[in-house]
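Reading through the structure tokens given below for one structure.
The values are calculated or read from the model by the stated rules, or taken from the named source; none is laboratory data. This one's a predicted model, so the numbers in the text were calculated from it and none came from an experiment. For neighbour counting, all protein chains shown are included, and Cβ atoms are generated from backbone atoms with ideal geometry for every residue, glycine included.
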């Protein structure tokens, strides 16, 4: 008979002051129709955890580009811009969940890692266990039985502690000169994305060579500065379409487009469906008109 005692790390506390995180939602995205891009957006009031159970895609988190694949865990800290672009496939299966009341010592509310840490990590040996935890969480929360919310809170706490272990044991520090410079460029575009900004105005503001700036930002984010600005605008447009009663023309103007036809064309090109149909899809789940 083997016995394991639980006092090996008596000073270790996963969450500050014993505060337990609260699960606010769980989402399961399956198949080709679920692979609609959700471009640059952020959540001020929550942390989000995503798990690529099957499939792949290109994601951008805090300006940093990631090629994700089966088994990857993605962390979206509160107030961090991120861009979701799953690759359409029949076997696509992505779980995501929202978390409030997350407090890790030394970090702001609803933030699990520091900015200089990577936001994507393979689940590795924990893949099967994480699959089981998401399956259990989905089963309990969707059942709406008595105590299902509390069960969900406990399961998300376990998942977050596993994530903390994975990130601590595989610490990858991305804080280098190019990363810091990429973040500076990103922050400038975020502050001016509704304006008509040219590359030369960014280089003047940051006192950088134009070609060097473009090279550094492309290597950091996977996008040119102009592409990033466009995705930032369309991401904000998606948020406004889903969270307000603004019409398409009003949304276009709100994110910096004077010409609604130009906005419509760019939205369709990036998202794959027109703005009005995009809103209908999220309200009804039907992608076809």
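Okay, here's what the table says:
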item: Per-region count, the stretch 16-59, residues surrounded by fewer than 15 Cβ atoms within 10 Å (Cβ to Cβ) and within 13 Å of the chain's Cα centre (by Cα); result: 1
item: Those helices (runs of 4 or more DSSP H) lying entirely in the stretch 197-289 with at least 2 residues over 24 Å from the mean Cα position of the chain (by Cα) and under 22 Å from residue 180 (Cβ atoms); result: 199-206, 210-221
item: Enumeration of residues in the stretch 143-167 that are farther than 14 Å from residue 22 by Cα and touching a strand residue (DSSP E or B) at 6+ places or on another chain (Cβ under 8 Å); result: 163, 166, 167
item: Residue in the stretch 172-196 that is farthest from residue 235 (Cα to Cα), counting only those that are in a loop (DSSP other than H, G, I, E, B) and more than 20 Å from the chain's Cα centre (by Cα); result: 176
item: Options 106, 71; residue that is at positive phi, surrounded by fewer than 16 Cβ atoms within 10 Å (Cβ to Cβ) and in contact with a helix residue (DSSP H, G or I) (Cβ under 9 Å, 6 or more places away or on another chain); result: 106
item: Residue within the stretch 237-256 that is over 24 Å from residue 43 (Cβ atoms) and crowded, with 17+ Cβ neighbours inside 10 Å present; result: no
item: Among the candidates 222, 272, 235, residue that is in contact with a strand residue (DSSP E or B) (Cβ under 9 Å, 6 or more places away or on another chain), modelled with pLDDT under 95 and not assigned by TED's automatic domain parsing to the domain that holds residue 83; result: 222
